[in-house]
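Quick note: the coordinates plus some simple rules give every number you see, no bench work behind them. Not measured: the values here are computed from a predicted model. No Cβ is skipped: glycine too gets one built from the backbone with ideal geometry, and neighbour counts run over all protein chains shown.
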Amino acid sequence: MNEIQKREDVLFERVSQLIEIARTRVKTTIDTTMVYTYFGIGRYIVEDEQQGKERAEYGAQMLNGLSEKLTNRFGAGWSVETLKKCRFFFKTYCNSSIGSTVSTKFVAESNPNELGLQRGPNSEIIHEISPNRPFTLSWSHYLVLMRIKDEDERQFYEIESFKRDWSVRQLKREYGSSLYERLALSRNKDEVMRLSREGQTVEKPQDIVKDPLALEFIGIKPDSIYSESSLENAIINKLQMFLLEMGKGFLFEARQKRFTFNEKHFFVDLVLYNRLLQCYVLVDLKTDELSHQDLGQMQMYVNYYDRYVKADFEKPTIGILLCKDKDDALVELTLPVDANVYATAYQLYLPDKRVLKSKMKEWIEEYEERHEE
């Protein structure tokens, strides 16, 4: 390959990358514009209905007529069902806010063309819409989110979808796995409130604990008989999904990692690393009932890594026992208060959202009663 061809290939790659970025940005802008448009349509429909004409027959007639006229002018995509979704979207988000996000307008007075809109003949901004917070996801995401009744829970999934770039499929999976409830049950009340404002934050070892862990994707049936090695193989075969389920910042280093101490060999089932906490995370898989020997062994693994493996700049090693069943009283009695070892149950099916919501409600009520005494 001569010099001209090399330069041509380099230039081609650079230009191609620029075009791909542009296409992504155009798609994102189009998606965002449509979300705000649907919000505005919902607003106009609700405002019309609130003019003393809230009778059901009027609403149905109005939506049918509006759908027909919009279809005639703009083509397919403006069915009555779509208009109903716009109305529901506005009602869901008209008073919603995320954390301390500054209130914004769809179109800023100073730059109405930012999202492709223009001023009207009298210099008014066409379709000026004022949600209390900016929309950052696609309409398909919001079709899932607006069905979540609890506002705190809905805001958590919206923040996580944006921060972690979840696809709609991933959002449905995380919601179906009750990620919000599982994280909330692993935290105190103040941090539960923080989930709805900031999403999942990883600042200390407890932040990566999730109970239970949902492993329905590995393909082992809940009523089947399986060994720890079978469980490990199934996890490795679905490693990407497993790391996503573990949470933010996880990287895979090794399986069956061997280390030798006093001429004896020991094996850690899975060695992970969390780049946010800057520490090793050792995972041992247990298919039998968790014992105090299991806890003691993991504490030894953690001590070894802290003394002989981790670098000076890294944080203390975390140990996680991933078990089918766990006894919280046994864990508390066996481990010292400052131990960096945690026992987490796993399930081979998606947890029952209603059960977890009920547990979460009881937990918050008990927490508030203890702090009122």
Fewest-first sequence of Cys94, Cys279 by Cβ atoms within 10 Å of each Cβ: Cys94, Cys279
Bins of 5 Å, starting at 0 and running to the largest distance - Cα pair percent for segment 213-350: 2, 9, 20, 23, 21, 16, 7, 2, 0, 0
Pair Lys149, Tyr273: separation of 7 Å Cα→Cβ label points (nm): 4.6
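Can you sort Leu333, Leu185, Leu295, Leu276 by how many other beta carbons sit within 10 Å, fewest first?
Details: Leu333 10, Leu185 18, Leu295 22, Leu276 14.
If I rank by nearby Cβ atoms, fewest first, I get Leu333, Leu276, Leu185, Leu295.
Ranked highest first by average number of other Cβ atoms within 10 Å, how do 36-42, 246-252, 177-183 line up? Don't skip to the end; give the middle numbers.
Working: 36-42: 20.7, 246-252: 17.3, 177-183: 23.1.
Descending packing order for the listed peptides: 177-183, 36-42, 246-252.
For Asp327 and Glu13, compute 0.36 nm times the residue count separating them, minus their Cα-Cα distance, and round to one decimal in nm. Don't skip to the end; give the middle numbers.
Values: separation 314, 0.36 × 314 = 113.04 nm, distance 5.62 nm.
Fully extending the segment from Asp327 to Glu13 adds 107.4 nm.
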Cβ-based net charge around Gly42, under 10 Å, with every Lys or Arg adding one and every Asp or Glu removing one: +4
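Rounded to the nearest 0.05, what FRET efficiency do Ala60 and Ser230 give with R0 = 56 Å and r taken as the Cβ-Cβ distance? Could you check?
Once the sixth-power term is evaluated, E becomes 0.50.
Which net charge results when you count Lys and Arg as +1 and Asp and Glu as -1 among the other residues whose beta-carbon is under 12 Å from that of Leu290?
Working: positive: Lys286, Lys324, Lys326; negative: Asp284, Asp288, Glu289, Asp294, Asp325, Asp327, Asp328.
Overall, the nearby charge balance is -4.
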Segment 248-325: GluC sites (Glu not before Pro) falling in loop per DSSP and having at most 15 other Cβ within 10 Å: Glu263, Glu289, Glu314
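For Lys91, Lys361, which order do you get if you count the other beta carbons within 10 Å of each Cβ and list the fewest first?
On the way: Lys91 14, Lys361 11.
Listed from fewest to most nearby Cβ atoms, that is Lys361, Lys91.
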Environment charge at Gln299 (Cβ cut-off 12 Å; Lys +1, Arg +1, Asp -1, Glu -1): -4
